[in-house]
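Contents: one structure, followed by commentary.
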Amino acid sequence: MTIRHHISDQLLMGYSAGQLPEAFNLVVAVHLSMCDDCKSRLGAFDAVGGALMDDCDVAMAGDSLAATMDRLTRTTPAVPRRASSVLPSPLMDYIGGDLDAVKWRSIGMGVRQAILPTEKGATARLLYIPAGQKVPDHGHRGTELTLVLQGAFRDETDRFGPGDLEIADEDLNHQPIAEAGADCICLAATDAPLRFNGVLQRLAQPFFRI
Amino acid sequence: MLDFTPHQKADAQPPGQFYAVGGAPLCVRQKGLSVPSDTVEDDWGVLILKVRDNQDKAAFAALFRHFAPRIKGFLMKSGASASLAEECAQDVMATLWQKAHLFDPTRASAATWIFTIARNRRIDALRKSRRPEPEDLPWGPEAEPDQQDALELSQDTERLGAALALLPEKQRQLIERAYFGDLTHSEIAAETGLPLGTIKSRIRLALERLRHKMS
C-alpha cells in the first residue's frame with residue numbers, strides 16, 4: 001500500500017498532546033496503524049511531550065511511593081489483537097468486530113453509513129459508497145477527516161486510495177466520487193455539520209447527523 | 001542545525017550508580033540487551049527493562065522518585081487539582097509496572113513513553129473519554145531491541161530537551177500551551193523550531209527493522 005496523503009503536523013501534534021476530539025483521535029489512530037511514516041513522526045512529537053514533562057517537577061505526597069508499591073499487580077500480557085484484512089484494530093474496537101459486524105444504515109443513492117460511539121464535539125462514521133457513486137457536493141463548517149479503508153475516491157483535489165487521509169476545511173467544497181471497480185469504504189470524522197449545496201440533503205442532515 | 005550539548009539536571013543523574021558496588025563499572029545485563037552504564041547518558045530505559053524482566057522493585061522505586069513528581073506537575077499544569085494529579089501520577093507509575101513489556105527503547109525514550117501513559121491518563125481523568133491507540137507491532141522472541149539504536153534515540157531525545165530549553169520564550173510557551181491543553185487543535189501551530197527530524201528517522205529505522213524481523 002502506497003499512502004500519499006498523510007496526517008498534517010498540526011493534527012499529529014494535537015494527537016500527541018491529547019487535544020483532539022475522540023472522533024479525530026480515532027481517525028488518526030487508524031491512519032497511524034497503516035502508516036509507519038506517520039508513526040515515526042508521532043514518536044518525535046511524543047518526545048516533545050516527554051521533554052516538557054521533564055520540567056514539571058512537583059513534590060509527591062510523603063507516602064506515595066509505598067502506597068503505589070502496595071498496589072503493583074502484574075497482569076499477563078494481552079493477546080495481540082487479531083489482524084483483519086481491511087480494518088485496523090482501533091477501528092475494530094469501536095465497531096465491536098470486523099466489517100461484517102457494522103450496522104449500516106442507508107442514507108440514499110446506495111450510500112450507507114454507521115455512526116461510531118464517541119464523545120460529543122465531533123462525530124465519527126463509516127461510509128460505504130458503491131463503486132462509481134457520487135456523494136452530494138458539500139462544503140465544511142469545520143474540519144472533515146476522511147480516511148480510505150478500501151477502494152478509492154476522487155474529488156476536485158486528488159485521488160485517495162487505501163490509507164490516504166483527506167483533510168478538508170472551510171475552504172474546500174468538493175464532490176467525492178467512488179472509483180469504478182470496487183466499492184469504497186471510508187472512516188470520516190467531522191467537528192461541525194457539513195454544508196450541503198442541495199436542498200434535499202440539507203433537509204435530511206439532522207436525521208443523518210452529518 | 002546548532003550543536004546542542006546535552007545538559008543534565010542535578011536530580012537527573014543516571015541512576016546506574018545505585019546498583020554499582022564499590023565503584024566498579026556496572027554492566028546491566030538484560031535479555032538480549034546489555035548496556036554498560038558508564039557510557040549511557042540516561043539509563044532510565046534500562047530500569048524499565050529491569051522492571052519488565054525481573055520485576056525489580058528497586059528499579060521501580062528509582063523510576064518513581066524521578067518520574068512521579070514530573071507526571072504530577074504535568075497533570076497540574078494541564079488543569080488537574082493537586083490531589084487528582086497525585087492520584088493519577090500513582091496510577092501512571094502502576095501502569096508502567098504493568099505494561100513494561102510494551103516499552104521499546106528503540107522507539108521511545110523512558111521519558112517519552114511515560115509521557116504517553118500520563119497523557120492517556122489525563123484524557124481519561126479530565127475528559128472521561130476513550131483514547132484510541134494505533135495498532136502496535138508486537139515484540140516476538142527474536143525481535144529484541146538493539147542496544148545501539150536505543151542509546152542513540154536516548155541521546156537524540158536528550159538533545160531535544162536541551163534545544164527546548166534554548167528556544168525563545170514565546171516559541172516555548174506556544175508549545176507548552178499546546179501540550180498543557182490551553183489550545184484547541186485548530187489553534188495549534190505545529191512549527192516547533194525543534195530538531196525532530198533525527199528522532200523521526202531513528203524511529204522509522206527501528207520500525208523497518210522490526211517489520212523485517214517479523215516477516
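Odds and ends about this structure:
- Condition check for residue B:97: of a type in the set (Phe, Trp, Tyr) and touching a Leu at 6+ places or on another chain (Cβ under 7 Å): yes
- Criterion: surrounded by 21 or more Cβ atoms within 10 Å (Cβ to Cβ) and not aliphatic (A, V, I, L, M) - qualifying residue of B:109, B:129: B:109
- Residues within segment B:197-215 that are of a type in the set (D, E, K, R), at the interface with another protein chain (Cβ under 7 Å from one of its Cβ atoms) and crowded, with 19+ Cβ neighbours inside 10 Å, tallied: 1
- Screening residue B:172 on (1) more than 10 Å from chain A (Cβ to nearest Cβ); (2) crowded, with 18+ Cβ neighbours inside 10 Å shows it passes everything except condition (1).
- Residues (exposed (fewer than 13 other Cβ atoms within 10 Å of the Cβ), farther than 16 Å from residue A:139 by Cβ and among the charged types (D, E, K, R)) located in segment A:170-210: A:209
- Residue list for segment B:75-95, filter: in contact (Cβ under 8 Å) with a residue 60 or more places away in the chain and either within 16 Å of the chain's Cα centre (by Cα) or part of a helix (DSSP H, G or I) (or both): B:77
- Residue list for segment A:6-41, restricted to those being touching an Asp or Glu at 6+ places or on another chain (Cβ under 8 Å), in contact (Cβ under 8 Å) with a residue 60 or more places away in the chain and in a helix (DSSP H, G or I): A:22, A:23, A:24, A:29
- Members of segment B:76-94 that are at the interface with chain A (Cβ under 8 Å from one of its Cβ atoms) and of a type in the set (Asp, Glu): B:86
- In this entry, residue B:199 is excluded by the filter for residues that are without any contact (Cβ under 8 Å) to a residue 12 or more places away in the chain and either in a helix (DSSP H, G or I) or more than 17 Å from the chain's Cα centre (by Cα) (or both).
- Yes/no for residue A:16 being over 22 Å from residue A:151 (Cβ atoms), facing chain B (nearest Cβ under 8 Å) and surrounded by fewer than 24 Cβ atoms within 10 Å (Cβ to Cβ): no
- If you go through segment A:50-70 and keep only what is within 7 Å of chain B (Cβ to nearest Cβ) and more than 17 Å from residue B:93 (Cβ to Cβ), you end up with A:51, A:52.
- When B:160, B:194, B:151 are checked against the criterion of being more than 9 Å from chain A (Cβ to nearest Cβ), surrounded by 19 or more Cβ atoms within 10 Å (Cβ to Cβ) and among the aliphatic types (A, V, I, L, M), a single residue qualifies: B:151.
- Tally of residues being outside any loop (DSSP other than H, G, I, E, B) and within 23 Å of residue B:186 (Cβ to Cβ) across segment A:128-157: 7
- Residue within segment B:128-144 that is under 17 Å from residue A:55 (Cβ atoms) and either at the interface with another protein chain (Cβ under 7 Å from one of its Cβ atoms) or in contact with a Ser or Thr (Cβ under 8 Å, 6 or more places away or on another chain) (or both) present: no
- Conditions (1) surrounded by fewer than 17 Cβ atoms within 10 Å (Cβ to Cβ); (2) in a loop (DSSP other than H, G, I, E, B): number failed by residue A:162: (1)
- Count of residues meeting criterion [more than 17 Å from residue A:46 (Cα to Cα) and more than 8 Å from every other protein chain (Cβ to nearest Cβ)] in segment B:95-108: 3
- Close pairs from segment A:87-114: first closer than 18 Å to residue A:189 by Cβ, partner surrounded by fewer than 17 Cβ atoms within 10 Å (Cβ to Cβ) and among the polar types (S, T, N, Q), Cβ under 7 Å, at least 6 apart: A:92/A:84; A:112/A:106
Just so you know, all these numbers are worked out from the coordinates, no wet-lab data involved. Note that the structure is predicted; figures quoted are calculated from it, not measured. All Cβ positions, even for glycine, are placed from backbone atoms using ideal geometry, and neighbour counts span all protein chains on display.
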